[in-house]
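One structure coming up, written as structure tokens, with questions to follow.
The values are calculated or read from the model by the stated rules, or taken from the named source; none is laboratory data. Everything quoted here is computed from the prediction, not taken from an experiment. Note: ideal-geometry Cβ built from the backbone for every residue, glycine included; neighbour counts use all protein chains shown. Accessible surface is based on the protein model in full, side chains and every heavy atom, while ligands, DNA and RNA are left aside. Shrake-Rupley method; radii C 1.70, N 1.55, O 1.52, S 1.80 Å.
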Amino acid sequence: MDRPGDQRPRRACAGLTLALVACCLLPGGTSRTVVAAHAPASLRSADVWEDPLAPMVRRIDAYLQTSQVDGVTMDWRYSVIPSEEIRQSVVCQLLAYVELARLDARTRLRVEIVRHADFLLGRLDEVRSFTPFDGMLAYSLLGAFEITHEERFLDAGRRMMQDLLAIPTPQCVLNGGLMVAMSAAEYWRLTFDTQANQKTRDILAQLLPYQNTDGSFPHWCPGSRDIHYTAWMATELVHIGRLMVDSHIEPFVSTMSAFLEQRIAQDGRANYEEPCPGVPDCMVYYYSRATGCSYDLDSRGWTVEPAYCGMLFDRQGSPKYRPVMTFLDSLEEGGTLADLYDYWPPPSDPEYPWTIADTSVVNMSVILWALSTMVAGRIERGVPVDLVLDDLIDTSGVTPPAPPLVYESMPLAVEPNPALGGCVLRFSLTEARQGLLAVFDAHGRNVRTLKSGGFTRGVHAPRWDGRDDAGRTMPPGIYFAHLRLDHRVQTRRFALLR
């Protein structure tokens, strides 16, 4: 079966200046005012620069849509390491569409999510690594459930979460550990599983000793510094921070952004080395292989790196957003990007197969996810984004998420608490909402769904009789009332007595 992403020579214009790259990369016959963004800063003014975010999302999505086989677009490197290729292509495509569906859940977008998630379900045995890196796979399936409410996606995500939660926390470190934390945070948000909540917090807390004083992180070896993996781990932390509140996240993200701002030049490219201050014949390096981790990969020049930095800088309001996004835009041609923009390794390098694609579906998929996260983040902050993907999504009319619900009387309450044999779950709404009201046990299992679907304006006070959905009497213990309304969740802990 033919797949996109074959081995082809690198674009001849890859090493030219940004202004010349624009000439090479603009499709023939296409007129875009954003072409001015590719000129050197000295040749353009602030009022002519056009943010390439939405156009890049459109072009990458269009390429992936037209290149689908069996409902997904894969990379030829599936034959090299299936789990790695799937995690970076299909999983990231699914995560991108989940981000967009949270803004504008049209039928076509839901179809894309179902196709990608079902594709993963049919291949779990061959793509699972049974390591912390399965966290992204679980995160994507849980996201599919969040949008579609299809129980098969939650069931698969739950099984994977059981395995991920069983991995000793000291083994969940750095970027792999944060993959576990992303999935655990999403699992907590959907099921309020207390073990998942604690796992996330423990992983974040143990990250502290790994951060260097300049805000950077290593890839593998403690003490080494790596621009690429600092940017990627910041991406993971941003996702976790959107799912739960933890005091470690903002200090991490702030110091990582400050480090990366210092390493990104005005042309948007990363500076991976610089002379030691005041020391002749000495260089300081900012990629792991050259900073004490000789067995690590060469992490320089990956095209996903500017996307990670762009997402972080956009969130932080950094002035480096503009040059890094201009540079990323210059690397893209008709929705396609290569593996690397520079620093190509020799064929003897173990990473060589992952560096030679001119059309890198794995990188394009990760970039689409990063850009879609950026779109969602802007709209969450009340910043409009004019994005239309054929009939998938139209954010031009999407308003920022509603502020926290204003209740006419009170938020969710359990009456009485402790509950002798049963209780009333009481809340009130100022307007109609879609959602779910359920009771979960202390292990995160849904024992009784009291209502699913539409909730009218006004007071709601259904009674739980202490039985599960099958009519069986539940034993005394700790339970949780769970109210989810339009992706907002409230939980209340209570004791059931007999």
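Name the single residue, out of those in the range 419-478 being among the polar types (S, T, N, Q) and touching a Ser or Thr at 6+ places or on another chain (Cβ under 8 Å), that is farthest from R189 (Cα to Cα).
By that ranking, first place goes to S428.
Out of all the residues in the range 343-390, which are small (G, A, S) and in contact with a Pro (Cβ under 7 Å, 6 or more places away or on another chain)?
Listed by number, the list holds a single entry, G382.
Quick check on the range 428-439: of everything there that is assigned to a strand (DSSP E or B) and open to solvent by 10 Å² or more (accessible area, probe 1.4 Å), which residue is nearest to L496 (Cα to Cα)?
Within the range 428-439, the match that is nearest to L496 (Cα to Cα) is L436.
Can you pull out every residue in the range 321-336 that is charged (D, E, K, R) and not in a helix (DSSP H, G or I)?
Across the range 321-336, the qualifying residues are E332, E333.
Still on this structure, I have one more. Evaluate the range 375-393: report whether one residue or more is part of a loop (DSSP other than H, G, I, E, B), more than 27 Å from the chain's Cα centre (by Cα) and either modelled with pLDDT of 90 or more or not acidic (D, E) (or both).
No; the residues of the range 375-393 include none that is part of a loop (DSSP other than H, G, I, E, B), more than 27 Å from the chain's Cα centre (by Cα) and either modelled with pLDDT of 90 or more or not acidic (D, E) (or both).
This table checks each residue for (1) open to solvent by 30 Å² or more (accessible area, probe 1.4 Å); (2) among the small types (G, A, S); (3) touching a residue at least 40 places away in the same chain (Cβ under 8 Å).
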residue	(1), (2), (3)
L204	no, no, yes
L207	no, no, yes
G215	no, yes, yes
C221	no, no, yes
Y229	yes, no, yes
W232	no, no, yes
V238	no, no, yes
G241	yes, yes, no
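Let me ask something else. Scan (1) open to solvent by 30 Å² or more (accessible area, probe 1.4 Å); (2) touching a residue at least 24 places away in the same chain (Cβ under 8 Å); (3) of a type in the set (V, I, T) for the single condition V245 breaks and write down its number.
Going through (1) open to solvent by 30 Å² or more (accessible area, probe 1.4 Å); (2) touching a residue at least 24 places away in the same chain (Cβ under 8 Å); (3) of a type in the set (V, I, T) one by one, V245 breaks only (2).
Among the residues of the range 207-240, count how many are over 19 Å from the mean Cα position of the chain (by Cα) and in a helix (DSSP H, G or I).
Qualifying residue count, the range 207-240: 3.
Considering each of P251, P280 in turn, give the residue that is outside any loop (DSSP other than H, G, I, E, B), open to solvent by 20 Å² or more (accessible area, probe 1.4 Å) and without any contact (Cβ under 8 Å) to a residue 60 or more places away in the chain.
P251
Show the residue pairs that are 6+ apart or on different chains and have beta-carbon atoms under 8 Å apart, the first residue being within the range 87-110 and at pLDDT below 85, the second being among the β-branched types (V, I, T).
Close Cβ pairs satisfying both conditions: D104/I393; D104/T395; D104/V398; A105/I147; R106/I393.
Scan the range 480-493 and give yes if some residue there is free of Cβ contacts under 8 Å to residues at least 40 places away in the same chain and crowded, with 18+ Cβ neighbours inside 10 Å, otherwise no.
No, every residue in the range 480-493 fails to be free of Cβ contacts under 8 Å to residues at least 40 places away in the same chain and crowded, with 18+ Cβ neighbours inside 10 Å.
Continuing with this model, one more query. Checking the condition modelled with pLDDT under 90 and either in contact with a Gly (Cβ under 7 Å, 6 or more places away or on another chain) or under 14 Å from Q490 (Cα atoms) (or both), which residue from V439, V459, V406 passes?
Step by step, each of V439, V459, V406 is checked, and only V406 is modelled with pLDDT under 90 and either in contact with a Gly (Cβ under 7 Å, 6 or more places away or on another chain) or under 14 Å from Q490 (Cα atoms) (or both).
Restricting attention to the range 174-189, and to residues there that are at pLDDT below 95 and more than 13 Å from the chain's Cα centre (by Cα), which single residue is least open to solvent (accessible area, probe 1.4 Å)?
Here the residue is Y187.
Looking at L124, L141, can you tell me which residue is over 16 Å from the mean Cα position of the chain (by Cα), more than 28 Å from E333 (Cα to Cα) and not β-branched (V, I, T)?
L124
Can you tell me how many residues in the range 257-277 are among the polar types (S, T, N, Q) and either open to solvent by less than 60 Å² (accessible area, probe 1.4 Å) or at positive phi (or both)?
Counting residues in the range 257-277 that are among the polar types (S, T, N, Q) and either open to solvent by less than 60 Å² (accessible area, probe 1.4 Å) or at positive phi (or both) gives 1.
Evaluate the range 59-72: report whether one residue or more is modelled with pLDDT under 85 and either in contact with a Ser or Thr (Cβ under 6 Å, 6 or more places away or on another chain) or open to solvent by 70 Å² or more (accessible area, probe 1.4 Å) (or both).
Yes, there is a match, as at least one residue in the range 59-72 is modelled with pLDDT under 85 and either in contact with a Ser or Thr (Cβ under 6 Å, 6 or more places away or on another chain) or open to solvent by 70 Å² or more (accessible area, probe 1.4 Å) (or both).
For V304, state whether it is in contact with a His (Cβ under 9 Å, 6 or more places away or on another chain), at pLDDT 95 or above and either of a type in the set (A, V, I, L, M, F, W, C) or open to solvent by 10 Å² or more (accessible area, probe 1.4 Å) (or both).
When the stated conditions are applied, V304 passes them.
Scanning for something within 16 Å of the chain's Cα centre (by Cα) and assigned to a helix (DSSP H, G or I), does the range 199-206 turn up at least one residue?
yes
Which is in a helix (DSSP H, G or I), in contact (Cβ under 8 Å) with a residue 40 or more places away in the chain, of a type in the set (S, T, Y) and crowded, with 18+ Cβ neighbours inside 10 Å, of S372, S299, S318?
Step by step, each of S372, S299, S318 is checked, and only S372 is in a helix (DSSP H, G or I), in contact (Cβ under 8 Å) with a residue 40 or more places away in the chain, of a type in the set (S, T, Y) and crowded, with 18+ Cβ neighbours inside 10 Å.
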